[in-house]
There are 2 protein chains.
Amino acid sequence: MVEHRWSLSTLVFSVAFIIVVSYSAQSLALKHSSRFLGKFAATGTHFEPPQFLYETRYFQQRLDHFSFSELPTFPQRYLISTDHWVGPQRLGPIFLYCGNEGDIEWFAQNTGFVWEIAPQFGAMVVFPEHRYYGESIPFGSAKEAYKDATTLSYLTAEQALADFSVLITDLKQNFSAKDCPVVLFGGSYGGMLAAWMRLKYPHIAVGALASSAPILQFEDIVPPETFYDIVSNNFKRESSTCFNYIKQSWDEITSTGQTYNGLERLTKTFNLCQKLKSTVDLYDWLESAYSYLAMVNYPYPSDFLMTLPGHPIREVCKKIDGVPAGTNILERIYEGVNVYYNYTGKEKCFELDDDPHGMSGWDWQACTEMVMPMSSNQDSSMFPPYEYNYTSFQEECLNDYGVKPRPKWITTEFGGHDIHATLKKFGSNIIFSNGLLDPWSGGR
Amino acid sequence: MVEHRWSLSTLVFSVAFIIVVSYSAQSLALKHSSRFLGKFAATGTHFEPPQFLYETRYFQQRLDHFSFSELPTFPQRYLISTDHWVGPQRLGPIFLYCGNEGDIEWFAQNTGFVWEIAPQFGAMVVFPEHRYYGESIPFGSAKEAYKDATTLSYLTAEQALADFSVLITDLKQNFSAKDCPVVLFGGSYGGMLAAWMRLKYPHIAVGALASSAPILQFEDIVPPETFYDIVSNNFKRESSTCFNYIKQSWDEITSTGQTYNGLERLTKTFNLCQKLKSTVDLYDWLESAYSYLAMVNYPYPSDFLMTLPGHPIREVCKKIDGVPAGTNILERIYEGVNVYYNYTGKEKCFELDDDPHGMSGWDWQACTEMVMPMSSNQDSSMFPPYEYNYTSFQEECLNDYGVKPRPKWITTEFGGHDIHATLKKFGSNIIFSNGLLDPWSGGR
């Protein structure tokens with residue numbers, strides 16, 4: 001249980017503003033495994049022609065800003081548009097989106113807000129990519145960059161912030177825009193980066209809009225049950241019977257799996273393409289669906305993680321509740337989860353990822369500094385109960401990456417328990433925006 | 001000329017709050033060369049029994065806080081006194097002195113202010129040592145730590161600030177002192193660290209007293225002539241004839257050195273123990289004396305860098321001006337500089353360091369991130385005219401350390417041109433204290 005739980009909690013976060021690592025489907029296919037990546041790419045969203053006009057450029061960055069080790073530089077990709085910029089004379093602002101854990105083009109295409117308001121403000125728009133993602137890969141190739149703890153060593157939030165700072169300082173000089181204010185934007189992990197950058201580089205950025213940025217989801221600052229409780233409440237809020245069906249389903253899955261031919265029956269019930277190897281994989285698949293649904297539970301149809309109707313949790317629960325009385329609970333669950341995984345109706349069967357521990361950038365970050373404890377409460381959560389266990393988490397990280405996490409580092413470097421006082425007295429001009437249904441809202 | 005000038009500008013700064021690296025006299029004797037170090041140690045000041053009572057402890061620090069490379073940890077020494085601390089219940093403050101480029105015991109002994117006010121505030125006092133100095137040496141020995149660019153790579157201000165932050169976070173936890181306010185202190189480079197730490201770690205420290213901290217002595221923020229102009233004005237202020245004698249002396253030295261037996265004559269005039277090899281060494285020796293004199297031009301007798309009378313510049317000029325009319329200008333200079341180098345009258349002759357480019361911690365820092373351009377103005381300065389030349393500076397660093405300086409990094413990381421706006425809006429509770437005669441006052 002421990003293993004799959006950890007995988008979920010980290011994966012869920014990484015897909016909040018999804019990992020769309022274009023190379024992962026190729027060179028790292030065997031090891032890399034964001035389960036919805038293949039599926040997501042298949043929907044075509046990522047490869048749609050860009051909605052917004054920008055130029056793609058590259059900037060050579062130091063691999064390690066904080067030491068003087070002789071290391072190769074790497075090309076950081078950034079997207080830039082000066083179409084609406086009113087220029088330095090009129091102090092035209094620079095909107096800087098803090099790229100998060102994925103291909104920057106995808107974030108640019110899914111952050112309409114920045115593009116929409118830029119003309120109003122006469123702003124330049126810059127989307128720098130986060131190091132080790134998309135095309136901004138050190139050591140010449142993703143294969144090399146993701147090889148081991150030594151090469152991954154420089155994939156940290158602090159280095160990413162320094163990348164942004166060095167890049168924007170250089171851009172401002174090239175555009176003679178020294179006095180033009182820089183305003184930061186970001187969502188999820190990128191929102192955390194935006195808030196942290198405003199705190200750490202106040203001489204560079206005058207403010208930040210940090211959306212859905214759980215900067216308090218560390219150590220014991222918020223209760224570890226927060227995330228799953230909010231997801232669960234989103235379901236309960238739509239329908240308490242739906243909540244209960246889901247809550248009951250786990251035991252049903254486990255007991256079915258233990259019977260003769262049980263895994264075959266589950267395979268059939270859930271219309272899986274390959275025979276289910278372990279009920280753990282099914283747990284993962286379902287838990288992920290519920291978690292992602294809570295993150296994209298928009299009141300309008302959307303095509304962000306998956307093609308979905310408006311109020312998707314409501315639709316899922318309608319299906320779960322709506323089937324005729326006496327229907328097997330697992331069939332109910334299948335009907336519900338279909339809304340998430342197959343709203344377009346194009347899927348003939350479902351592929352479960354059987355290697356959720358492959359190497360991915362976010363998993364590395366979660367194993368090093370982005371250590372976010374998560375538990376599932378026996379009573380209030382609809383997920384299987386689980387108590388966060390740091391010791392086993394650490395063991396896994398040592399096994400998977402040969403690295404020991406530093407769970408207290410983020411709060412030492414950026415602030416934790418006391419951050420409210422700091423934000424009040426020090427970190428002015430940071431807007432933390434989030435919906436209350438957002439499962440990450442508890443970490444803010 | 002270029003070479004010796006660079007050496008001066010970096011060395012001067014390092015001795016402002018002097019480098020007292022106890023090992024340098026031993027294992028690195030041949031390469032390390034703070035010229036006044038031997039002399040300073042010989043005065044015994046450094047080895048006097050401590051005036052203030054504290055405990056010496058060690059804390060294991062990561063060598064690189066900003067990556068996950070597998071590197072050995074190192075023991076950071078810190079001095080701590082809880083004698084006057086009123087404890088966590090009464091929110092007793094923690095006074096944290098940001099150790100600078102030298103042995104922390106020496107700084108502790110020379111920072112009476114912190115010790116004097118601690119009882120009044122019921123404060124705990126902590127003096128952590130800066131990495132790579134004193135006893136806080138990575139890689140097991142100074143010889144290893146100072147071996148080359150690879151081992152020196154982690155000697156940076158950012159790493160030092162992270163050391164302080166990690167240490168104080170740990171101490172606060174151990175003392176159950178989470179809510180006790182931390183106030184930072186520091187002078188010279190340590191003052192810069194105090195100001196920067198307040199800016200970068202506002203969640204850890206509520207304020208900073210940054211004494212004599214030239215955080216603007218980078219790039220082109222202040223004119224490069226500032227430092228030498230202030231030193232020169234300190235002499236001119238006492239006596240314009242003294243200023244003029246010094247200003248004229250350089251040509252006199254050069255022309256004397258070019259004559260037959262000139263170096264012998266200079267050796268004799270300046271009472272040097274070894275025969276002068278080059279007039280450049282004499283330039284260095286004299287320039288250093290004038291610069292240090294300006295830094296410690298206290299109105300009372302002191303024993304900080306050297307044993308000196310009150311108003312030492314006044315005393316130096318009295319000597320220079322006071323010798324009988326017709327006295328050779330170099331003899332005047334010798335009389336003056338004797339006040340600095342031999343006020344106690346114990347020196348029989350003077351040792352000039354003939355290897356000012358040996359490896360030292362501060363020279364490394366100056367060659368990497370602490371790049372402070374300094375020129376000497378033909379008209380306003382009493383020093384030989386010199387125009388700062390980044391290209392040759394960079395070449396020297398490549399030659400000496402195999403490292404390329406990053407002259408724009410400090411301003412990117414900590415702020416530069418715009419720092420006043422940042423300090424006003426963001427970095428509250430930082431006091432920059434300095435005397436206007438202090439040559440570093442121009443960099444603030």
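The values are calculated or read from the model by the stated rules, or taken from the named source; none is laboratory data. None of the values given here were measured: they were computed from a predicted structure. Backbone-built Cβ (ideal geometry, glycine too); neighbour counts: all protein chains shown.
List of remarks:
- Test: residue in region A:284-300 that is more than 22 Å from A:Ser441 (Cα to Cα) and either in contact with a helix residue (DSSP H, G or I) (Cβ under 6 Å, 6 or more places away or on another chain) or crowded, with 17+ Cβ neighbours inside 10 Å (or both): yes
- Candidates are the residues of region B:308-340 that are hydroxyl-bearing (Ser, Thr, Tyr) and buried (at least 17 other Cβ atoms within 10 Å of the Cβ); the one that is nearest to B:Thr269 (Cα to Cα) is B:Tyr334.
- Of all the criteria given as (1) assigned to a helix (DSSP H, G or I); (2) in contact with a strand residue (DSSP E or B) (Cβ under 9 Å, 6 or more places away or on another chain), the one not satisfied by A:Leu209 is (1).
- Complete set of residues in region B:191-206 that are within 11 Å of chain A (Cβ to nearest Cβ) and either out of contact with any Phe, Trp or Tyr (no Cβ under 6 Å at 6 or more places or on another chain) or of a type in the set (Asp, Glu) (or both): B:Arg198, B:Leu199, B:Lys200, B:Tyr201, B:His203, B:Ile204, B:Ala205, B:Val206
- Residue selected from region A:428-444 under the condition assigned to a loop (DSSP other than H, G, I, E, B) and within 20 Å of the chain's Cα centre (by Cα), by the criterion surrounded by the most Cβ atoms within 10 Å (Cβ to Cβ): A:Asp438
- Note on region A:79-103: residues that are crowded, with 22+ Cβ neighbours inside 10 Å, modelled with pLDDT of 95 or more and not aromatic (Phe, Trp, Tyr) amount to 5.
- So B:Trp362, is it away from chain A (no Cβ under 14 Å), closer than 28 Å to B:Ala149 by Cβ and hydrophobic (A, V, I, L, M, F, W, C): yes
- Residue in region A:418-427 that is outside the structural domain of A:Pro299 (by the TED database), part of a helix (DSSP H, G or I) and aromatic (Phe, Trp, Tyr) present: no
- Of all the residues in region A:404-417, those that are outside the structural domain of A:Arg198 (by the TED database) and on the phi > 0 side of the Ramachandran plot number 0.
- For region A:360-376, the set of residues classified as among the polar types (S, T, N, Q) and either on the phi > 0 side of the Ramachandran plot or out of contact with any strand residue (DSSP E or B) (no Cβ under 9 Å at 6 or more places or on another chain) (or both) consists of A:Ser360, A:Gln365, A:Thr368, listed by residue number.
- Selection within region A:415-441: residues that are of a type in the set (Ser, Thr, Tyr) and facing chain B (nearest Cβ under 9 Å). The member of this set that is nearest to A:Ser211 (Cα to Cα) is A:Ser428.
- Screening A:Leu91 on (1) more than 14 Å from chain B (Cβ to nearest Cβ); (2) farther than 30 Å from B:Glu158 by Cβ shows it passes everything except condition (1).
- Residues of region B:363-419 that are of a type in the set (Lys, Arg) and free of Cβ contacts under 8 Å to residues at least 40 places away in the same chain: B:Lys404, B:Arg406.
- Applying the condition of being hydroxyl-bearing (Ser, Thr, Tyr) and closer than 22 Å to A:Leu184 by Cα to region A:127-151 and asking which residue is surrounded by the most Cβ atoms within 10 Å (Cβ to Cβ) yields A:Tyr133.
- Filtered residue count, region B:169-211, keeping only those that are free of Cβ contacts under 8 Å to residues at least 12 places away in the same chain and of a type in the set (S, T, N, Q): 2
- Taken residue by residue, region A:80-88 has at least one member that is at positive phi and away from chain B (no Cβ under 14 Å).
- Some residue of region B:175-190 being within 13 Å of chain A (Cβ to nearest Cβ) and under 15 Å from B:Gly416 (Cα atoms): no
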